[in-house]
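The values are calculated or read from the model by the stated rules, or taken from the named source; none is laboratory data. None of these values were measured; they are calculated from a predicted model. Counting neighbours? That spans all protein chains shown, and the Cβs are built from the backbone with ideal geometry, glycine included. All accessible areas refer to the heavy atoms of the entire protein, side chains included, with ligands and DNA or RNA removed. Shrake-Rupley method; radii C 1.70, N 1.55, O 1.52, S 1.80 Å.
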Amino acid sequence: KFPAEGTTPEADAADIFCLVLWVFYAELVTAELRQLTAPIGFAEIAEDVLMDKKFDSNKLWLKLMNFGRLTKCHQIPERSFFINGFQFPVCSRCTGVFFGWIAAICLIFFYKPNIFIVILFCLAMFLDWFLQSKNIIKCNNIRRFITGTLGGYALMSLYLKIIIYIIQFLISKF
């Protein structure tokens, strides 16, 4: 039975919108990843693993670093995390931004931050970057990651709120 009992048409429209958005986003991301990973050669690594050939972690690391370079991250070693001697493909702030994006996408259905929180989180990341770039404060990777996570979460939440608003507006007009 549609719409479901106990729901409003607006809630049903929002659910439909979210489903359409996820399908569109998944297709977009898949196409982008195909385009980005083709020159990097992740397919070769996957083929080696599936064919039970010797897995070369150095080869994977080089491919990931190339992928990180495509994101326009500076990849400065002193500003990056390391695992088992391998540098992350992006710096700690970019790692936080990506983590914040994922958190916002997962949490948008449960919590939508107000504009004050969004501005505050973005301001925290900007101030951390600005004060560090002017050598006013010395920053560490944990602070970079935290402010990057806050900024990434805020920006992605804002993007998602705008997309949801536009789709709800379009649905209400048609």
Selection over segment 64-96 where residues are open to solvent by 80 Å² or more (accessible area, probe 1.4 Å) and assigned to a loop (DSSP other than H, G, I, E, B) yields a count of 3
Among the candidates F88, F130, F110, which residue alone is at pLDDT below 95, out of contact with any helix residue (DSSP H, G or I) (no Cβ under 7 Å at 6 or more places or on another chain) and closer than 21 Å to C73 by Cβ? F130
Only residues that are open to solvent by less than 40 Å² (accessible area, probe 1.4 Å) and either of a type outside the set (S, T, Y) or assigned to a loop (DSSP other than H, G, I, E, B) (or both): list them for segment 126-149, please. D128, Q132, C139, N141, R144, G148
How about segment 97-125: which of its residues are open to solvent by 40 Å² or more (accessible area, probe 1.4 Å), without any contact (Cβ under 8 Å) to a residue 60 or more places away in the chain and not in a helix (DSSP H, G or I)? F110, Y111, K112, N114
Which of the residues spanning segment 126-158 are among the basic types (K, R) and either over 17 Å from C91 (Cα atoms) or touching a residue at least 12 places away in the same chain (Cβ under 8 Å) (or both)? K134, R143, R144
Please go through segment 126-162 and give me each residue that is among the hydrophobic types (A, V, I, L, M, F, W, C) and either touching a Lys or Arg at 6+ places or on another chain (Cβ under 6 Å) or under 13 Å from W101 (Cβ atoms) (or both), ordered by number. L150, A154, L155, M156, L158, L160
Among (1) hydrophobic (A, V, I, L, M, F, W, C); (2) modelled with pLDDT of 90 or more; (3) part of a helix (DSSP H, G or I) - the single one I164 does not satisfy: (2)
